[in-house]
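All remarks here apply to the structure that follows.
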Amino acid sequence: MPTITVRVEQQLNPVSDEVSALTAVVRPILEGVLFSVKQQVINQVGGYDRCTLEMLARTYRPGDGDCGLCFEYAIHDALRRSEASITERIHDAMSTICRVPGNELSSILFGLEKNGAVKVIDTAMGALTDESALMYGTRGRPARLKQYISYMANAFRQPRARAALPSSISGLWKADLFLGHIDTDKWVGTTVKINPNDLKGAKGLRIGITPSREGSSDRVRMDETRNLVICPVPYDHAFMEVFYQAWGIVRLFLAADANLPREVALPRPSERQVARYLADRRSYPVRDVIEALGSLAQPGLLETDPRNTTTSCDTETVTGTIEAPVARIVHRP
């Protein structure tokens with residue numbers, strides 16, 4: 001069975017300035033872009049661990065779903081960094097509407113293959129216990145989440161395998177995140193969509209995260225028609241504004257062949273500074289750059305507890321050694 005390294009990280013300090021905030025969001029976007037490239041293409045440049053920023057610029061081809069994939073990564077990373085505009089809404093949704101008890105809010109990125117990259121990008125297996133309960137919002141005994149992880153991965157890949165999931169959680173293979181409280185070990189399936197029109201309910205999903213609509217309320221609310229608790233992510237001077245700025249930096253940097261874009265493309269000094277961080281490291285592997293930028297984005301922000309575990313997923317679902325960042329945010333009312 002493949003070995004998985006799980007990193008449990010806890011926040012130490014908050015974001016302090018615009019450059020730090022942009023750098024923090026650029027990191028998960030880079031990872032999302034990296035994994036949007038098909039594995040057979042990445043293998044030609046040495047694999048995901050050895051692909052440099054320069055080679056990513058030459059192998060990456062923009063696709064319609066790339067922004068949405070990077071949005072999933074950015075939301076998970078925001079939870080890992082305890083971004084207040086995200087964690088407060090999630091805690092309200094979990095505690096007030098979903099009525100999931102607990103205080104230590106956690107996020108697990110369960111990113112299944114979006115564009116041929118890998119079958120499972122991050123796995124929940126190392127973060128869950130045999131008693132981890134899935135709260136799916138209907139009457140009945142909560143499912144044991146861990147035992148269904150491999151079934152969900154197979155259901156994503158093979159539609160006929162979806163019959164193996166119980167009816168009450170038959171749509172859980174559509175989850176992008178699992179949100180829960182590690183002190184009570186209770187979890188909910190979550191869908192994340194960059195386009196609010198794409199947000200759809202499914203059996204087993206409880207929370208939907210999407211950008212707030214202009215002119216609409218951004219309060220956390222229950223949508224009875226989709227049976228989802230909707231968590232709109234705020235725009236003005238908040239998370240979505242930073243996300244789209246960071247997304248633009250990455251796209252323009254790659255379009256410039258991993259060089260600093262012209263000033264007309266990135267006229268704001270803060271954006272050019274972040275792009276300069278990337279340009280200075282164009283010859284280094286993308287994943288090394290992501291790690292190196294961590295200290296520039298959030299000096300002294302996280303303390304890490306690496307753990308090794310194994311998974312029973314088949315080799316077509318999980319291949320090799322996977323590093324799975326598992327966010328642990330301690331909420332103190």
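The values are calculated or read from the model by the stated rules, or taken from the named source; none is laboratory data. Computed from a predicted structure; not experimentally measured. Don't worry about glycine lacking a Cβ; one is built from the backbone with ideal geometry, like all the others, and counts go over all protein chains shown.
Before moving on, here are some points about what is shown:
- Tally, over the range 116-150, of residues that are surrounded by 15 or more Cβ atoms within 10 Å (Cβ to Cβ), out of contact with any Gly (no Cβ under 8 Å at 6 or more places or on another chain), modelled with pLDDT of 80 or more and of a type in the set (Ser, Thr, Tyr): 1
- Test for PRO211: is it farther than 25 Å from VAL100 by Cβ and of a type outside the set (Lys, Arg): no
- Across the range 59-111, the number of residues qualifying as of a type in the set (Val, Ile, Thr), in a loop (DSSP other than H, G, I, E, B) and within 12 Å of the chain's Cα centre (by Cα) comes to 0.
- Scanning the range 158-187 for residues that are more than 30 Å from ASN103 (Cβ to Cβ) and either loosely packed, with under 15 Cβ neighbours inside 10 Å or hydroxyl-bearing (Ser, Thr, Tyr) (or both) yields GLN158, PRO159, ARG160, ALA163, ALA164, SER167, SER170.
- HIS237, sole failed condition from (1) within 21 Å of PRO28 (Cβ to Cβ); (2) crowded, with 16+ Cβ neighbours inside 10 Å: (2)
- The single condition among (1) under 19 Å from the mean Cα position of the chain (by Cα); (2) outside any loop (DSSP other than H, G, I, E, B); (3) surrounded by fewer than 20 Cβ atoms within 10 Å (Cβ to Cβ) that MET222 does not satisfy is (1).
- So ILE182, is it of a type in the set (Val, Ile, Thr) and modelled with pLDDT of 90 or more: no
- LYS193 being within 17 Å of the chain's Cα centre (by Cα), surrounded by fewer than 18 Cβ atoms within 10 Å (Cβ to Cβ) and within 25 Å of VAL233 (Cβ to Cβ): yes
- Candidates GLU104, GLU113, filtered to the one that is touching a Lys or Arg at 6+ places or on another chain (Cβ under 6 Å) and modelled with pLDDT under 85: GLU113
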